[in-house]
Amino acid sequence: MSNDPELEELFQDPAHREVVDLLKLSRPAAPPLDPNFHNYLRTKLMTEARRTLQPQSARRGFPFSLGPKALAPAMAAVAAGFLVVLGIQIYLQNQSPSSAMVAVDLSHIQNKTNVATAEPIVIPFSGPVDKNAVADTVVIEPATSVTKQWVGQNLVIIPDHPLAPNTTYTVSLKASSAPKESRPNVQPTPAVAPSPVVVHFTTVRAPVPPVNPPSYRSRNVTYGQENRLADAGTVFNGGWTPTGQLIVTRPSGQPGPGSSPAAPATASGAAPKATTDIWLMSALGTPIRILVPGGNFPAAAPSGGVFAAWQVISGSQASLRIWDLQGNLQGTLATLDSMPDRAPVWIGSDRIAYVTQGRLVIVDSHGGSVNTRAIRMQRGSVAGSPLGTLLAVEATDGSSVIDLASGSRNPLPAGATGFAWSSKGDLGFLVPQASGSDLYIAAGGKNAQRIASSPSGQTWSDLNWAPDGASLLLASKPAGASSSASRLMLINVDGSGLTTFASEQEYSSPQWSSLGDLVLFTRQDEAGGRAFWTASTAPSESDAASKQALAEVDRFMQARLKGDRGAAQESLDASGLNAYQGGASSLLSPAGSKYERYYPVTVQLTGSNPNTFLVGVRIFVSRSGVQRSFFEEQLTLVLKDQRYLVDAVTSTPAVPLGHGPTVVSVEIVPADKGSQVRVRFDADLRPETVTTDTIQVRGVDGRPIITRITFDADSHLATLALSVRPGAYQLVVTTGVMDINGVTMADEYHASLVISR
Amino acid sequence: MPDFEERELVERAKEDPDAFGALYDRYFPQIYRFAYSRVRDQSLAEDVTSEVFFKALRNIKRYTYSGHPFSSWLYQITLNAVADHYRGQHGEVELEEGASLPSGAPSVDDEVVRRDRSRRVWSAIDQLPRHQRAAMVLKFGEDKKIEEIAQIMGKSAGAVKLLLHRAVERLRRELPPEFEAGLT
């Protein structure tokens, strides 16, 4: 609160003024708040509002209307073509017919589509139940490890990892009666009978169907919708995990699942000076779990599902440690006499750099010192290349790129700072000039070229690469101005297309999520504090070919979902028509069943003369209104007379749902040496069952190709690295893959792969 | 949010559930915070907040713009809900005199000292009589104008000034001496 004339007038006695000044500098502590309460109450209110606020068929001349921004989510939901949401309420009768009934209000989740993959599942009960017994019976299909909590009468189920996209989940639980009250003259406690409660919901579609190459195209994306993650002062710093969650530093004592005011254990017994905690947070700002009490400056590893951070251990001492995303300590790398003021820096996924006493130190993930030449630096920039071979350093004697294998040092232009490496291994940095800033790109860390200069009088900072390495975000502001005048700008990697990303001022520190669908940034709020926000990104219209092909696939599939044979056949050329009529697949659903929904599993550009795409679609089949199985088709689309038509089709046998894990997407990504095939599953898997024996890439002769495999359990993602000639291959996932409940895949999974470079 | 935008949103919320949802999203934090400041219990604050918004939903068609922000109406409902909660109970004790204020040794670090002072001065406000406390929270915690506080509390502006004046005088008398030393 700054000068308030009312207070000036009211309190003129100096003694009173002192108290008022103190009050103006103070604020009451933020009250404890259950993070689920807001959403829970909102759900109840909206249910009541929809019942009681009758919207008129035609608005009565009110001069305002909903803008496109407000309508965008609804339009997107319609475009997704998902199931109609059924709002139902299940009443579970007590065993005693005379007793009261306990309602389980599932209207906010039952059969809902587009459910976020990292949000808690809330099941509210209207009366008392045996909480432990109820929580113990929770079963989720596909298999998902979860944490269960009770918040009042709400059972809150928090997935330990983000759910898989494009997936219909079933949550079932068996409710049990509350323990009987023994007090006399007390009405019997309402209790839930052991009827199972079953909830179905479908997660959000993957942001953009993967196209090879690249899977995400950042050029000319535009600013979508923004969302405030947290109020100013409640998140100090943070960043993305590779799976699209956030690791943030919050003031100690913030509310959230599993929060505890307890201080971390100390070696000496002295009370540590711990004023911050590290939390895992969803992209929507929901605190998921506390990860590190007393922690600060987290940095997520590029892969492996771990992060490094500093943690107060005793007095002013702080340790550099690594944890997994459950908050399990993996190791201590170093201990310093004071808490550093910046996050550690990952160099690849197995080494970490930090600065102490004016010196850069590099350690491996076990804390072993990595021998490098002595590098003196203070507050300069430091960044490691994604493969961990190169390190860009703004040292006191100048900026350079250091080859960590050979130790050789490649000087950069004087003043180079603000280093950022792209996923492709290109280095971006800025060089301040008298009238502004120059932006440089060093492809592969070598041969730095100036690609753009800021408009005269503007300075640039906060470089951040798009995940496809094709463009960068940066913050731009007038020279000498405060950050309140900062704007976010977008620029292509060749220096073209400089454009305003967000029109508002006060935005800075952009961080693109690994999927490219969101940008984290800070902005000044109304009270002058800096708050963290996210903004969604809208893809560009320039990717015309793949968009056109996918639009044709969508038109074709929508006709099939509606059972409109004539409209579906309009998307086929003669060859494609013959394929369906010859029994390669069934154009419409067989009698007694219904094609319920579909989504593209993979999209591959296989030829350019004419343009040819191979699009894999997964089609879900329902019987009696319940999705029971899916099958996949590989559609070959060929450009003919400026329109893509389905020219060929192959299909897989039907796979029953709810019978073990399934593959939800296959993506081919160019890598520095060869290619990567990324196979994502819908369930939490037993890591020991994900091997080169159970997931194979085979040549046309059916022989397995030599691959290396890594598995990220948090994101259900198996990545195969291979170096092969361009051509056609087959992905095979065997039934040896097993979920955490010990259930194997129902059938082998096969998919065509086209390696194009 | 500019005044005209808020008025438009409120008008829409009389018929449009999504607009009501937007109002809820906007005002939930401050209403919850205010409710908690009055009852000092998380569960009770949740109950009060829930009651406030359900009452607002039931009565929004009768709401008419009176020159004050929509939030004033919500604050009014909150005060009534809190009063309803305590009506017939003896849970809230009116302390006119003699309530001891929290004390403690000053910390070494300036920031810690500042936070400690802040915590203690707000603890002291918690000990004030009910109406003084409401006025202080709305003025110093929610940055409301005296006119708006008067409207929320159903009192005259003069009465609110008197409440604020008495509250500050009481804090001056009862806060420990080290507070004054640190003010300059």
(message) Of all residues being surrounded by fewer than 17 Cβ atoms within 10 Å (Cβ to Cβ) and either small (Gly, Ala, Ser) or assigned to a helix (DSSP H, G or I) (or both) in the range B:56-75, which is farthest from the other protein chains (Cβ to nearest Cβ)? Just the residue, please.
(response) B:Ser66
(message) Every residue in the range A:692-716 that is in contact (Cβ under 8 Å) with a residue 40 or more places away in the chain and closer than 30 Å to A:Val171 by Cα, please.
(response) A:Thr694, A:Ile695, A:Thr710, A:Asp712, A:Ala713, A:Asp714, A:Ser715, A:His716
(message) Looking for something facing chain A (nearest Cβ under 8 Å), under 14 Å from A:His38 (Cα atoms), under 20 Å from the mean Cα position of the chain (by Cα) and at pLDDT 90 or above - is there at least one such residue anywhere in the range B:33-47?
(response) no
(request) Scan (1) closer than 21 Å to A:Gln634 by Cα; (2) over 27 Å from the mean Cα position of the chain (by Cα) for the single condition A:Gly736 breaks and write down its number. (result) (1)
(message) So, in the range A:8-44, how many residues would count as being over 28 Å from the mean Cα position of the chain (by Cα) and more than 8 Å from chain B (Cβ to nearest Cβ)?
(response) 6
(message) Checking A:Arg450 against (1) assigned to a loop (DSSP other than H, G, I, E, B); (2) farther than 18 Å from A:Gly384 by Cβ; (3) more than 29 Å from the chain's Cα centre (by Cα), only one condition comes out false. Which one?
(response) (1)
(message) Given (1) modelled with pLDDT of 75 or more; (2) more than 20 Å from the chain's Cα centre (by Cα), identify the lone condition not met by B:Gly98.
(response) (1)
(message) Tell me whether the range A:1-22 contains one or more residues that are at pLDDT below 70 and not assigned by TED's automatic domain parsing to the domain that holds A:Pro196.
(response) yes
(message) Condition first: more than 10 Å from chain A (Cβ to nearest Cβ) and outside any helix (DSSP H, G or I). Now tell me which residues in the range B:145-165 satisfy that.
(response) B:Gly154, B:Lys155, B:Ser156
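Test A:Gly428 against the criterion of being surrounded by fewer than 18 Cβ atoms within 10 Å (Cβ to Cβ) and under 19 Å from A:Gly384 (Cβ atoms), and give yes or no. Write out each step before concluding.
Numbers: surrounded by fewer than 18 Cβ atoms within 10 Å (Cβ to Cβ): no; under 19 Å from A:Gly384 (Cβ atoms): yes.
Spelling it out, it is not the case that A:Gly428 is surrounded by fewer than 18 Cβ atoms within 10 Å (Cβ to Cβ) and under 19 Å from A:Gly384 (Cβ atoms).
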(message) Considering only the range B:9-30, I want to know if a residue exists there that is touching an Asp or Glu at 6+ places or on another chain (Cβ under 8 Å) and either more than 8 Å from chain A (Cβ to nearest Cβ) or part of a helix (DSSP H, G or I) (or both).
(response) yes
(message) Looking at A:Gln642 and the list (1) farther than 30 Å from A:Gly469 by Cβ; (2) buried (at least 18 other Cβ atoms within 10 Å of the Cβ), which single condition is not satisfied?
(response) (2)
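Any chance the range A:661-669 includes a residue that's crowded, with 20+ Cβ neighbours inside 10 Å, touching a strand residue (DSSP E or B) at 6+ places or on another chain (Cβ under 8 Å), modelled with pLDDT of 90 or more and not aliphatic (A, V, I, L, M)?
Step one: filter the range A:661-669 for residues crowded, with 20+ Cβ neighbours inside 10 Å, giving A:661-668.
The next check asks that each one be touching a strand residue (DSSP E or B) at 6+ places or on another chain (Cβ under 8 Å); those that pass are A:661-668.
Those still in the list that are modelled with pLDDT of 90 or more too: A:661.
Cutting the leftovers down to not aliphatic (A, V, I, L, M) gives us A:661.
Yes - at least one qualifying residue is present in the range A:661-669.
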(message) It is to be established whether one or more residues within the range A:329-349 are in contact with a helix residue (DSSP H, G or I) (Cβ under 8 Å, 6 or more places away or on another chain) and not assigned by TED's automatic domain parsing to the domain that holds A:Ser422.
(response) no
(message) Quick check on the range A:478-489. Is at least one of its residues surrounded by 19 or more Cβ atoms within 10 Å (Cβ to Cβ), of a type in the set (Gly, Ala, Ser) and either over 27 Å from A:Leu391 (Cβ atoms) or outside the structural domain of A:Leu430 (by TED's automatic domain parsing) (or both)?
(response) yes
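Looking at the range A:738-757 only, could you name the residues that are in contact (Cβ under 8 Å) with a residue 40 or more places away in the chain and either among the acidic types (Asp, Glu) or closer than 28 Å to A:Phe613 by Cβ (or both)? Steps first, please.
Start the filter on the range A:738-757 by keeping residues that are in contact (Cβ under 8 Å) with a residue 40 or more places away in the chain, which leaves A:738-747, A:749-757.
Result: A:Asp739, A:Met745, A:Asp747, A:Tyr749, A:His750, A:Ala751, A:Ser752, A:Leu753, A:Val754, A:Ile755, A:Ser756, A:Arg757.
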(request) Check whether at least one residue in the range A:296-304 is more than 24 Å from A:Gln245 (Cβ to Cβ) and surrounded by 15 or more Cβ atoms within 10 Å (Cβ to Cβ), and report yes or no. (result) no
(message) Here is a check on your reading of the model: is B:Val121 at pLDDT 85 or above and either surrounded by 17 or more Cβ atoms within 10 Å (Cβ to Cβ) or at the interface with chain A (Cβ under 10 Å from one of its Cβ atoms) (or both)?
(response) no
(request) State the number of residues belonging to the range A:360-403 that are within 31 Å of the chain's Cα centre (by Cα) and in a loop (DSSP other than H, G, I, E, B). (result) 11
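The values are calculated or read from the model by the stated rules, or taken from the named source; none is laboratory data. Worth saying up front: this structure is predicted, and the values here are computed from it rather than measured. Here the Cβ is made from the backbone with ideal geometry for all residues, glycine too, and neighbour counts use every protein chain on show.
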